[in-house]
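What follows is one structure encoded as structure tokens, with my remarks underneath.
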Amino acid sequence: MMEGSRTPGTVQSKVGIRKWLGAGFVSSAAAIAILAPFLWLGTASGHDIQFHISSWLDAAGQWKEGILFPRWTEWANYGFGEPRFIFYPPFSWMLGAGLGSVLPWTLIPPVFVLVVQTFSGISAFAFLRRIVPSFASSLLGAVAYAANPYALLVIYARSDYAELLATSFYPLFFLFALRICGLLESDSEPRKEIFWCGVLFACIWLSNAPAGVLASYSLVLLLFWSSLRQKSPLPFVRGGFSIVLGLGLAAFYLLPAAYEQRWVNISSALSTGLAPSDNFLFAKTSDAEHDAFNRIASYIAMLLVAWTLVSVFALWRRKSGDEKLGPKQIFLAVAILAAAASLMMTRVTALLWTYLPKLAFVQFPWRWMAVLAVPFALSTAFLATRRIIVCWIILLCAIGGTGAYLVQHTWWDSEDVNFVKDAVDSGTGFEGTDEYDPLGDDHMEIPKDQSEAKLVFEEERDPAPKSEIRVQRWTAEDRIVVVHTEEAASVRLRLLHHPAWRVTVNGNPAKTGRTETYNAIVVPISSGESRIEARFTQTADRKIGGWFSAISALGAALLAWPVKKRTT
């Protein structure tokens, strides 16, 4: 071969790399454009921002204590703690904590958005390039997904960083779902498709539980329709393996989160204003502020619904592609998914929200916009194959108008991060979460300024009996307090009751009491020296979940393992 010559494979590889670099560039540009208002207005202070910031800070602090996978949130409830990390999926708070470990904390909200939305665009490009024939149209679709109106609502008005992360996996997840359904031609073995669909399904669940519920129902709908259309159970069989694999990989989180709900006030997640019945499109309640936000969400939903369904209908009328595996069959599946997502946001589906398993815990029916955003991006990309300049202009006007409206109707505050960080650094802690509050506790009654351990005598005396309290160790999952006292007394710990906490006195199990108005641990001790140890132990459900995940990981490895073909 002559020097300087190139093989066709090398040329195609370089072209492919340039396309991926292009996708990365436009995706990051879209993310930067979304973040532009942060430069002069500060940080978008949405509904959930302090919840996520506090989770990031708490997790990063526990890493410094040597706790690599936190379970108990140390600084919640003003230092009394809560089992938040058992119930809230780990990917988002681990990503936030990781970014905060190397960058200034005030930068983490915008950096988080930049990282996730750049990945969202690349994820959408990976999905679209398999379906849309034009590279330029695929880039437009990637921008449409990275900056879709619902993502803007989440970023500016809600600050739900976990949901944002979960939906970044949606395009890739639906890519492999369509392959499993036999609607999209694949260049790899079915077992590889099952593997990737299962892994992405697990990633969604490990990012945000409501997004996991939506992904589950969306996948089942696609599998059901495909099996019905093909008159074959094969899509359901393949999809079933993916679902089992995904749930198994996420079992280390899912099983404890499901089992330990009996130990917390989980029903508070569906309290007034948070139930689906209060959040259908244009729902009206007695709370004017709630209704004002719900109207904004409803208008954005109507924009997505109108754009997607009209686009899909226009594309369906085009006669192109192979009848078996061509765009028409894909668009029919996408249209069904879009129609179902649109319908689920309305009150006519109230019975489904009541009786379908775990659907009520999605809380807000307009969250189905996260699913609708995928058909929105796909239909936009396909429309652009003929009039790409016009589509760019219309898309930028729609996204820009939505963004401008949300920027004007949200709260901007640059002090959210510093406020929470100061509360942690000072040892005060932050407010707890209603649904993660241990049973028997009223976290609204918890004092903000209690010391780590306080000695209480049955009768007050003047002078008080001689006593000394020395805290030898106090981390998120391990507390040791040594007490010297002349008389029997009780030690009130800055710690809430929870079945995973094991408390001993001088090596023997302690019969603990509780405070009157809230559920803090009170340890009775006798006179002399008492060594009180409280350790957050690994419960059986967490061990079983870990074993399920380990076995599922082994199964995933077998599916992904390359098999050499025999040569004759």
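The values are calculated or read from the model by the stated rules, or taken from the named source; none is laboratory data. Being a predicted model, the structure only gives us computed values, none of them experimental. All Cβ positions, even for glycine, are placed from backbone atoms using ideal geometry, and neighbour counts span all protein chains on display.
Here are the numbers for this structure:
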{"quantity": "Residue within segment 159-171 that is part of a loop (DSSP other than H, G, I, E, B) and free of Cβ contacts under 8 Å to residues at least 60 places away in the same chain present", "calculated": "yes"}
{"quantity": "Identity of the residue in segment 30-65, farther than 21 Å from A157 by Cα and in contact (Cβ under 8 Å) with a residue 12 or more places away in the chain, that ends up surrounded by the most Cβ atoms within 10 Å (Cβ to Cβ)", "calculated": "A59"}
{"quantity": "Filtered residues of segment 484-532 (kept if exposed (fewer than 13 other Cβ atoms within 10 Å of the Cβ) and either in contact with a His (Cβ under 6 Å, 6 or more places away or on another chain) or among the β-branched types (V, I, T) (or both))", "calculated": "T517, E529"}
{"quantity": "Options W366, W411; residue that is at negative phi, of a type outside the set (D, E, K, R) and in contact with a helix residue (DSSP H, G or I) (Cβ under 7 Å, 6 or more places away or on another chain)", "calculated": "W366"}
{"quantity": "Extreme residue, farthest from the chain's Cα centre (by Cα), among residues of segment 176-196 that are under 22 Å from M344 (Cβ atoms) and part of a helix (DSSP H, G or I)", "calculated": "L178"}
{"quantity": "Matching option when the condition is at pLDDT below 95 and surrounded by 16 or more Cβ atoms within 10 Å (Cβ to Cβ), among T385, T349, T428", "calculated": "T385"}
{"quantity": "Segment 464-482: number of residues that are over 43 Å from the mean Cα position of the chain (by Cα) and not small (G, A, S)", "calculated": "3"}
{"quantity": "Filter pass, F224 being assigned by TED's automatic domain parsing to the domain that holds K328, buried (at least 22 other Cβ atoms within 10 Å of the Cβ), aromatic (F, W, Y) and assigned to a helix (DSSP H, G or I)", "calculated": "no"}
{"quantity": "Of all residues in segment 508-546 being part of a loop (DSSP other than H, G, I, E, B) and out of contact with any Asp or Glu (no Cβ under 8 Å at 6 or more places or on another chain), the one that is farthest from S467 (Cα to Cα)", "calculated": "Q538"}
{"quantity": "Qualifying residue in segment 550-561 (condition: at pLDDT 95 or above and within 17 Å of A453 (Cβ to Cβ))", "calculated": "no"}
{"quantity": "Selection count where residues are surrounded by fewer than 18 Cβ atoms within 10 Å (Cβ to Cβ) and closer than 18 Å to S159 by Cα, scope segment 388-404", "calculated": "1"}
{"quantity": "Top-ranked residue of segment 244-272 - restricted to ones that are over 24 Å from Y518 (Cβ atoms) and more than 18 Å from the chain's Cα centre (by Cα), ranked as surrounded by the most Cβ atoms within 10 Å (Cβ to Cβ)", "calculated": "L245"}
{"quantity": "Check on S27, buried (at least 24 other Cβ atoms within 10 Å of the Cβ) and touching a residue at least 12 places away in the same chain (Cβ under 8 Å)", "calculated": "yes"}
{"quantity": "Residue among S168, S216 that alone is at pLDDT 95 or above, within 21 Å of the chain's Cα centre (by Cα), of a type in the set (G, A, S) and surrounded by fewer than 24 Cβ atoms within 10 Å (Cβ to Cβ)", "calculated": "S216"}
{"quantity": "Matching residues in segment 251-292 - criterion: being of a type in the set (F, W, Y), part of a helix (DSSP H, G or I) and in contact with a Phe, Trp or Tyr (Cβ under 9 Å, 6 or more places away or on another chain)", "calculated": "F252, Y253"}
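Each row is one residue, and each column tells you yes or no for (1) on the phi > 0 side of the Ramachandran plot; (2) at pLDDT 95 or above; (3) of a type outside the set (A, V, I, L, M).
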site: V244; (1), (2), (3): no, yes, no
site: A251; (1), (2), (3): no, yes, no
site: A258; (1), (2), (3): no, yes, no
site: A275; (1), (2), (3): no, no, no
site: N279; (1), (2), (3): no, yes, yes
site: A288; (1), (2), (3): no, no, no
site: I296; (1), (2), (3): no, yes, no
site: A306; (1), (2), (3): no, no, no
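Yes or no, residue by residue, for (1) under 11 Å from A301 (Cα atoms); (2) not in a helix (DSSP H, G or I); (3) not assigned by TED's automatic domain parsing to the domain that holds A144:
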| site | (1), (2), (3) |
| --- | --- |
| I330 | no, no, no |
| A333 | no, no, no |
| L337 | no, no, no |
| A341 | yes, no, no |
| M345 | yes, yes, no |
| W353 | no, no, no |
| W366 | yes, no, no |
| M369 | yes, no, no |
| A373 | yes, no, no |
